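The values are calculated or read from the model by the stated rules, or taken from the named source; none is laboratory data. Quick caveat: nothing in here was measured; it's all calculated off a predicted structure. Ideal geometry is used to build each Cβ from the backbone, glycine not excepted, and the neighbour counts take in all protein chains shown. Keep in mind that these areas ignore ligands, DNA and RNA; they rest on the heavy atoms of the full protein, side chains included. Shrake-Rupley method; radii C 1.70, N 1.55, O 1.52, S 1.80 Å.
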Amino acid sequence: MAIEEKGGASAEKLRLFVERIERLEEEKKGIADDIKDVKAEAKGQGFDVATINALIKLRKLKPEKRREQEALLDTYKAALGMLDGTPLGRWAVERLEGEHDDDQGGDDAAPPPTNSVPDTDVDGARELGTAAAKEGKPVTANPFPARDIRRAAWDEAWCSELGTDGMDIPDAWKPAPKKPQPPEGDA
């Protein structure tokens, strides 16, 4: 049955639905523009927007699902030889180079190398962070595990010594400056 045949009430309801949807689409566009502006601001501050997007995606996951995703990613990266620079990657390289010939794993397998955690307090961690900065070590050389208050103290001292936040982006990774556009109307 056509809308006209039912009378003006149905046509009016349809018009109201369409107008509501149009209003919501405009709000959605406004929010999308706001998000785009925030991402442009982050990029202007030297942050990588693709990485921010990946973080947002990870934060939406429940902790157990996030751990599962990260484990799978590490497994796939290991299969492709992409774990260089990580403890697991170093372990894999050592194993491939024959330093560990435990093909089966078993009880006699050597454990993966671990960084020894210094036996010190928070002030000692600060001193170690300052010394590491003076020696030119990267901020990633922090020997303390995540969630250890000494890790934060080490980072803070390292950053303070170098006058940085530790998040410096190499020039090669920074986006190229945009070329100025000629004013409209110039040919």
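Quick check, is residue 126 open to solvent by 80 Å² or more (accessible area, probe 1.4 Å), modelled with pLDDT of 70 or more and part of a loop (DSSP other than H, G, I, E, B)? Talk me through it step by step, then tell me what you get.
Values: open to solvent by 80 Å² or more (accessible area, probe 1.4 Å): yes; modelled with pLDDT of 70 or more: yes; part of a loop (DSSP other than H, G, I, E, B): no.
Criteria not met by residue 126.
May I ask you to list the residues in the stretch 45-57 that are part of a loop (DSSP other than H, G, I, E, B) and open to solvent by 80 Å² or more (accessible area, probe 1.4 Å)?
45, 47, 48
In the stretch 37-62, how many residues are polar (S, T, N, Q) and more than 20 Å from residue 178 (Cβ to Cβ)?
Within the stretch 37-62, residues that are polar (S, T, N, Q) and more than 20 Å from residue 178 (Cβ to Cβ) number 2.
Could you list all residues from the stretch 20-36 that are open to solvent by 70 Å² or more (accessible area, probe 1.4 Å) and farther than 24 Å from residue 177 by Cα?
Narrowing the stretch 20-36 to residues open to solvent by 70 Å² or more (accessible area, probe 1.4 Å): 20-29, 31, 34-36.
Result: 20, 21, 22, 23, 24, 25, 26, 27, 28, 29, 31.
When you go through 13, 39, 65, 60 one by one, which is the residue that is surrounded by 11 or more Cβ atoms within 10 Å (Cβ to Cβ) and within 15 Å of the chain's Cα centre (by Cα)? Reasoning before the result, please.
Numbers: 13 fails: within 15 Å of the chain's Cα centre (by Cα); 65 fails: within 15 Å of the chain's Cα centre (by Cα); 60 fails: surrounded by 11 or more Cβ atoms within 10 Å (Cβ to Cβ).
Checking each option against the conditions leaves just 39.
Here are some residues: 62, 36, 43. Which one is of a type outside the set (Val, Ile, Thr) and touching a residue at least 24 places away in the same chain (Cβ under 8 Å)? Let's see the steps before the verdict.
Values: 62 fails: touching a residue at least 24 places away in the same chain (Cβ under 8 Å); 36 fails: touching a residue at least 24 places away in the same chain (Cβ under 8 Å).
So the residue among 62, 36, 43 that is of a type outside the set (Val, Ile, Thr) and touching a residue at least 24 places away in the same chain (Cβ under 8 Å) is 43.
Restricting attention to the stretch 92-108, does a residue exist that is within 29 Å of the chain's Cα centre (by Cα), part of a helix (DSSP H, G or I), among the hydrophobic types (A, V, I, L, M, F, W, C) and modelled with pLDDT of 60 or more?
Checked against the condition, which is being within 29 Å of the chain's Cα centre (by Cα), part of a helix (DSSP H, G or I), among the hydrophobic types (A, V, I, L, M, F, W, C) and modelled with pLDDT of 60 or more, the stretch 92-108 yields at least one hit.
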